[in-house]
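Everything below concerns the one structure shown next.
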Amino acid sequence: MDLEVKGVAASPRRQTQSFSGRRKPLQQGWTAKSWAIQNPCPPVVPRLDLGSLVDSDDEEQDIIPEDLPAPTSKYKLKYQQYKTEMKEGYKQYCQRNAEKTKSNIRYQPSPRNKIDNKNAQGEEAVTDDLTTLDRKALLQQRYADNPYHAQQSTRKSNAEIVAAEKKKQSVAEQVMLDHLCRIKTHSTLTENMLSHKVQFDCRIISRNGRDACRELVGFFFIHDQSLTIYEYRQFGKNRTNVLPFIKKSTYSHQCGRRKGKQYQLGDFYIGANLTFLSSDHLRLPESIKENTLLILRITNIDQVASDDLRTDSVQQEDDTTRQEANDRLVFKAIQDKLKEQLHKRGVRILTAMGKYFQQLDKERNGLLDKADFKQALKVFHLEMSEKDFESSWLILNENGNGRVDYGEFRRAIIGEMNEYRKSFVRKAFMKLDFNKTGSVPIIDIRKCYCAKKHPQVISGHSTEEEIKLSFLDTLKEACSKSDEVSYGEFEDYYEGLSIGVVDDEDFVTILRTPWGI
């Protein structure tokens, strides 16, 4: 059908007339000749022959220049390594998925059971009943179902390792220069003696975000059994420095079975605690001086140097070592029982417990008595036998004053994530807390959290906003203030989430994906 608008045909047959018809209203010096110069197109558009558009086997070969040199052996090796990494990464991912599938077959709740768990029998109805907050928190674990591309994760981890090694080398050089400048001696063995050392990374155990996120680097010197700790500081993108935190000297344990005993090489391993009296170190920040004890947790260590030096100085096992081993067995048995009860409701219980302990702590010193801890176990329906409670209390209440730090109590009976997982929790918080105040406004968390790669968003079952709101709802339950999240509350959230995640890399994926770390 031909449509006529203002005397101009719209049919393809009269296309040339439509072009000529548009030339008439041209004004302001525009002529048919100038229009043709500005728009050099043919009066008739050529017909598009779709049948001639066929793929050719030689198509790619035509693009490649003939004189292109053959790939070098170095490039071939890199390609082969990349190919191997891709295959291994996919193989590991498939194996992990197969194991998850097997474990999920044992318990696959129907949609009805997800909504209402009242059909459970006996006392399990109380312990296994999931609230709305529990289900929202469990949505975060679904990030582990998304193949966060093993090869991409490997490349990021390798880059982080290289950066960490450069940082360690830089710190070691600065510390050596610092000590060599301070030491006045005529001996030529000074530098050689200082080189017999073990380097380690550590963090402050604190609910204060500013202190908990300090990056500390320590050195234990074999020749005189002394140690020193520096704080690694970064100013901008390129400038870094190390500042003295604990001066070089010999120190002793300030609590635990080894209280009063001098630090030895065997005391330095990942997960070990180093304790100092804050009053002995006047240069410490005021927030740290508020506490009697400064507790540092070793997060990483130069294992090669430690093993080499350990063979030279063999340490015999004593009664204290055996007692500490027994203590760990007692706590491990208790933790295994409680983790079964916390498996799917860890986020809700641990965040609520943190708020509960803070409310009981009227003196703001972190110490509570025996009755407070017993009451807390009842409030949160955590079943623990009287024998187990008394055994744990006997170990924790070493001073006999009837009061124990509630953070230490919770770490002892429930346990905590390993230092590898904790490092990513700290990275995520440090990325959010760009002002280094120790707390993050909820509005900033909302801006930074990205749910784009959540499996339910990818599949179309949920929107990004729905996943984000489910996270914020559960996180706000942990907060004592409605408009901000402290480091301790952020840590409690992921401590609870960590209980239900077996694989370390799955937990890291849960943190990497929404926070982009």
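Cut-off is 10 Å between beta-carbons; in what order do Leu394, Leu294 appear when sorted fewest neighbours first? Each step should come with its number before you reach the end.
Details: Leu394 12, Leu294 23.
So the ranking, lowest neighbour count to highest, is Leu394, Leu294.
Taking θ as phi - 60°, what are the ³J(HN,Hα) couplings along segment 391-398 by the Karplus curve (6.51, -1.76, 1.60), each to the nearest whole Hz, with x for Gly and Pro?
Couplings: 5, 5, 5, 4, 6, 6, 8, 5 Hz.
What is the gain in length, in nm to one decimal, between Asn418 and Gln264 on full extension, counting 0.36 nm per residue of separation less the C-alpha to C-alpha distance?
Values: separation 154, 0.36 × 154 = 55.44 nm, distance 2.32 nm.
Fully extending the segment from Asn418 to Gln264 adds 53.1 nm.
Could you run the Karplus curve 6.51 cos²θ - 1.76 cosθ + 1.60 with θ = phi - 60° over segment 324-336 and give me ³J(HN,Hα) per residue in whole Hz, x for Gly and Pro?
Going residue by residue, I get 5, 5, 5, 4, 5, 5, 4, 5, 5, 5, 5, 4, 4 Hz, with x marking Gly and Pro.
Give the order of Phe276, Phe200 when sorted by the count of other beta carbons within 10 angstrom, beginning with the fewest. Could you put the intermediate results ahead of the total?
Numbers: Phe276 19, Phe200 26.
The fewest-first ordering by Cβ neighbours comes to Phe276, Phe200.
Amide H of Asn300 versus every other amide H placed in the peptide plane: which residues, excluding those fewer than 5 positions away on the same chain, fall under 5 Å?
Here Asp201 satisfy the definition.
Kindly write out, for segment 492-506 in residue order, the coupling ³J(HN,Hα) from the Karplus curve 6.51 cos²θ - 1.76 cosθ + 1.60 (θ = phi - 60°), rounded to whole Hz, with x marking Gly and Pro.
Going residue by residue, I get 4, 4, 7, 5, x, 5, 5, 4, x, 10, 7, 7, 4, 5, 5 Hz, with x marking Gly and Pro.
Need one word for segment 320-462: rounded, prolate or oblate. Basis is the Cα gyration tensor (sqrt eigenvalues a ≥ b ≥ c); a/c below 1.5 gives rounded, then a/b vs b/c decides.
prolate
Under 5 Å between amide H atoms, partner at least 5 residues away or on a different chain: which partners does His223 have, H built in plane at 1.01 Å?
none
Applying 1/(1 + (r/R0)^6) with R0 = 30 Å to the Cβ-Cβ distance of Arg322 and Glu231, what FRET efficiency is obtained, to the nearest 0.05? Walk me through the intermediate numbers first.
Numbers: r = 36 Å, r/R0 = 1.19.
It comes out at approximately 0.25.
By the scheme Lys and Arg +1, Asp and Glu -1, what is the net charge of all other residues having a beta-carbon under 10 Å from that of His454?
Working: positive: Arg142, Lys452, Lys453, Lys468; negative: Asp145, Glu464, Glu466.
Charge balance near His454 sits at +1.
Taking the Cβ of each residue in Lys374, Lys422 as the centre, tally the other Cβ atoms inside 10 Å and list the residues starting with the fewest. Present the calculation step by step, with values, prior to reporting the outcome.
Details: Lys374 14, Lys422 19.
Arranged by neighbour count, lowest to highest, Lys374, Lys422 become Lys374, Lys422.
The numbers here are math on the coordinates, done by the rules we state, and not lab data. On a predicted model such as this, the values are computed, not experimentally measured, just so you know. Backbone-built Cβ (ideal geometry, glycine too); neighbour counts: all protein chains shown.
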